[in-house]
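Peer 1: Quick one: this structure, given as structure tokens, is what I'll be asking you about.
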Amino acid sequence: MYQNNLTSQRLKSLSVLKSVNVAGTVIPVSDKVKILGATLDYNITQKLSSYCFCHIRSLKQIRSSLDDSMAGSMASSLVSSRLDYANSILYGTLLKNINRLQRLQHSLATVVIHRRSHALPSATALLKQLHWLPVEWCIQFKLATMTLHTGRPPYLTDQLQYYQPTRSLHSWGSHQLVKPQHKLSF
């Protein structure tokens, strides 16, 4: 995954560009773009994190009144759905953004798995117990699913090769992919 290391000073120095001329049309440059209700800006996860942590705190206050299945349902409907919505636009984002969302997911998992008598397991073990994928894997899974089922975007679809056995096998119609072979020696 590409990780960009722009500091806030470097980002300010790049923001002197006010417009771009494309085929004779002047297009103003914006600091943020809104796609399907998700706002893309240089610090994309800050607003999402504050929204989700507010709901996590609320859930934590009432957690003792809820059974495990109800806590899981509320966590999914209030916070996990926000994490999953439009997360495919986060592919290639800064590692600090992914880590911020991962901390958010771990906090949510500790609230859902409410233990009184003994210590909580590690964050990874909590995610496994709840059958949740880590944030980065969710992003990759969503992109892979969209590409396989919709055929979009074409630049990713063109890279896929479906398994075609040389003789009649049970796996013939299972839509399996071939792992591409790469020769990396010089």
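The values are calculated or read from the model by the stated rules, or taken from the named source; none is laboratory data. Not measured: the values here are computed from a predicted model. We place every Cβ from the backbone using ideal geometry, glycine too, and count neighbours over all the protein chains shown.
Peer 1: Please find, within segment 124-162, the residue that is modelled with the highest pLDDT out of those that are of a type in the set (Phe, Trp, Tyr) and farther than 24 Å from His114 by Cα.
Peer 2: Kept after step one, since they are of a type in the set (Phe, Trp, Tyr), are these residues of segment 124-162: 132, 137, 141, 155, 162.
Retained after the next criterion (residues that are farther than 24 Å from His114 by Cα): 137, 141, 155, 162.
Working: Trp137: 91, Phe141: 87, Tyr155: 75, Tyr162: 76.
In this case the residue turns out to be Trp137.
Peer 1: Being touching a helix residue (DSSP H, G or I) at 6+ places or on another chain (Cβ under 8 Å) and either within 25 Å of Ser81 (Cβ to Cβ) or part of a helix (DSSP H, G or I) (or both) is true for just one of Thr124, Thr110. Which residue is that?
Peer 2: Thr110
Peer 1: Looking at Gln159 and the list (1) among the polar types (S, T, N, Q); (2) outside any helix (DSSP H, G or I); (3) surrounded by 12 or more Cβ atoms within 10 Å (Cβ to Cβ), which single condition is not satisfied?
Peer 2: Single failed check for Gln159: (3).
Peer 1: Then there's this: When you scan segment 53-66, do you find a residue that is at pLDDT 75 or above and in contact with a strand residue (DSSP E or B) (Cβ under 9 Å, 6 or more places away or on another chain), even just one?
Peer 2: For segment 53-66, residues at pLDDT 75 or above and in contact with a strand residue (DSSP E or B) (Cβ under 9 Å, 6 or more places away or on another chain): absent.
Peer 1: Given the residues Leu40, Leu83, which is the only one that is over 13 Å from the mean Cα position of the chain (by Cα), on the phi < 0 side of the Ramachandran plot and among the aliphatic types (A, V, I, L, M)?
Peer 2: Working: Leu83 fails: over 13 Å from the mean Cα position of the chain (by Cα).
Just a single option satisfies the conditions, and that option is Leu40.
Peer 1: Being touching a residue at least 40 places away in the same chain (Cβ under 8 Å) and outside any loop (DSSP other than H, G, I, E, B) is the filter; apply it to segment 27-40 and report the residue that is farthest from Asn99 (Cα to Cα).
Peer 2: Ile35
Peer 1: Give Ala119, Ala109 a once-over and let me know the one that is at pLDDT below 80, of a type outside the set (S, T, N, Q) and more than 16 Å from the chain's Cα centre (by Cα).
Peer 2: After ruling out the rest, the residue left standing is Ala119.
Peer 1: Inside segment 133-149, can you point out the residues that are in contact (Cβ under 8 Å) with a residue 12 or more places away in the chain and not charged (D, E, K, R)?
Peer 2: Pro134, Val135, Cys138, Ile139, Gln140, Leu143, Met146, Thr147, Leu148
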